[in-house]
Number of protein chains: 2
Amino acid sequence: MSKILKEVIISNEEYAKDFNTKGELQAAPIKKFAILTCMDARLDPAKFAGLSEGDAHVIRNAGGRVSDDAIRSLLISYKLLGTKEWFIIHHTDCGLEKFSNAGIDKEFNLDSKNKIDWLTFNDNEKSVCEDILKLKKHPLVPDSIKIFGYIYDCKTGKLKNVPLVIF
Amino acid sequence: MSKILKEVIISNEEYAKDFNTKGELQAAPIKKFAILTCMDARLDPAKFAGLSEGDAHVIRNAGGRVSDDAIRSLLISYKLLGTKEWFIIHHTDCGLEKFSNAGIDKEFNLDSKNKIDWLTFNDNEKSVCEDILKLKKHPLVPDSIKIFGYIYDCKTGKLKNVPLVIF
């Protein structure tokens, strides 16, 4: 058994020991909001945004980008499970800001026929605004959903608001 | 300002106060692994799998499914940031097991021309196996990556291994 797998299983056994009333929680998020953020290992959204189990949906991908799959998740989040506010949170020192799509294609030896849109970006604040606008313009996202943009600072743990600007 | 936004900001200020040496963490996950799991509010992967900030990538979407976007994230995770083991973790009482694609299309009044693949499933263990096989067959995923399948039990907090079966 891999060392990592062993560690995960032991940690899980410890966690389950004190599970108590958490087993009674329902699927719909108690605080009716969702966070979309990056998969980055330094980010712990439950800790940096003060979530307990049951409070909010957390969606994560490379970059915290509003991909088609993030839209699928957010639509399910509001329509089937009642969230009313969404946080889009990118972060400083993100891998997707350091690489270009062409650069990542090259890492995988992908030729021009097999290019992938890795959703890289050059300007962090702009990427947050683009992602928010993508949601606001989406035909299945109602105007009633409040959408907030933030950048998490990996050096300080602080969230910084990104005002919505159309670039 | 919304009540939720205020709560998130206050929680974040508290978190950042004791940030200490976490600001020195690098992007590459210390424990070289990634977890793909569901956005469900009841799941806290850092808690149920024993992660500290910096340890592992966490990717989350509706269902914890191996969508194209989850593949994008996992490929970046291994190729650019060095993960070697991946956990695919679905859970009991998942919304995607209770609904069908047609049922969710209906919630959104989508006609047959605008159907969306919501990645619903009927059989939880089967869905984990299908997702693992999708990764194992992917041309850009090397055989060297270890992939583990689990189901998280929302009633107990326990992870249950899903042996890889081809259905």
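The values are calculated or read from the model by the stated rules, or taken from the named source; none is laboratory data. Every value quoted in this text rests on a predicted model; they were computed, and no experiment measured them. Here Cβ is always computed from backbone atoms with ideal geometry, including for glycine, and neighbour counts include all displayed protein chains. Surface areas here come from the heavy atoms of the whole protein model, side chains and all, with no ligands, DNA or RNA. Shrake-Rupley method; radii C 1.70, N 1.55, O 1.52, S 1.80 Å.
Structure summary
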item: Answer residue from the range A:69-85, given it is hydroxyl-bearing (Ser, Thr, Tyr) and touching a strand residue (DSSP E or B) at 6+ places or on another chain (Cβ under 6 Å) and is farthest from the other protein chains (Cβ to nearest Cβ) among those; result: A:83
item: Only one of B:46, B:62, B:27, B:16 that is free of Cβ contacts under 8 Å to residues at least 12 places away in the same chain, closer than 26 Å to residue A:148 by Cα and among the small types (Gly, Ala, Ser); result: B:16
item: Meets criteria (in contact with an Asp or Glu (Cβ under 9 Å, 6 or more places away or on another chain) and open to solvent by 70 Å² or more (accessible area, probe 1.4 Å)) for residue A:115; result: yes
item: Some residue of the range A:126-146 being at the interface with another protein chain (Cβ under 10 Å from one of its Cβ atoms), modelled with pLDDT of 95 or more and open to solvent by less than 10 Å² (accessible area, probe 1.4 Å); result: no
item: Selection count where residues are within 15 Å of the chain's Cα centre (by Cα), of a type outside the set (Phe, Trp, Tyr) and closer than 30 Å to residue A:26 by Cα, scope the range A:84-132; result: 6
item: Some residue of the range A:119-128 being in contact with a Phe, Trp or Tyr (Cβ under 7 Å, 6 or more places away or on another chain) and farther than 17 Å from residue A:65 by Cα; result: no
item: Residues located in the range B:86-97, provided they are surrounded by 20 or more Cβ atoms within 10 Å (Cβ to Cβ), more than 17 Å from residue A:62 (Cβ to Cβ) and more than 7 Å from chain A (Cβ to nearest Cβ); result: B:89, B:90, B:91, B:94, B:96
item: Residues (more than 7 Å from every other protein chain (Cβ to nearest Cβ) and assigned to a loop (DSSP other than H, G, I, E, B)) located in the range B:43-68; result: B:43, B:51, B:52, B:65, B:66
item: Looking only at the range B:14-32, and only at residues there that are under 21 Å from residue B:80 (Cα atoms) and among the basic types (Lys, Arg), the one that is nearest to the other protein chains (Cβ to nearest Cβ); result: B:31
item: Matching residues, the range B:147-167, being more than 15 Å from the chain's Cα centre (by Cα), away from chain A (no Cβ under 11 Å) and crowded, with 17+ Cβ neighbours inside 10 Å; result: B:162
item: Residue in the range B:91-109 that is under 22 Å from residue B:33 (Cα atoms) and at pLDDT 95 or above present; result: yes
item: Helices (runs of 4 or more DSSP H) (entirely within the range B:73-167) containing at least 3 residues that are in contact (Cβ under 8 Å) with a residue 60 or more places away in the chain; result: B:124-137
item: Checking residue B:30 against (1) open to solvent by 50 Å² or more (accessible area, probe 1.4 Å); (2) β-branched (Val, Ile, Thr); (3) more than 18 Å from residue A:94 (Cα to Cα), the condition it does not meet; result: (3)
item: Members of the range B:140-161 found to be aromatic (Phe, Trp, Tyr) and within 30 Å of residue A:109 (Cβ to Cβ), listed by number; result: B:148
item: Condition broken by residue A:83, with the remaining ones in (1) more than 25 Å from residue B:81 (Cα to Cα); (2) open to solvent by 20 Å² or more (accessible area, probe 1.4 Å); (3) in contact with a Ser or Thr (Cβ under 8 Å, 6 or more places away or on another chain) satisfied; result: (2)
item: Output for the range A:49-77, where each listed residue is within 17 Å of residue B:42 (Cα to Cα) and crowded, with 24+ Cβ neighbours inside 10 Å; result: A:49, A:51, A:56, A:57, A:58, A:59, A:60, A:73, A:74, A:76, A:77
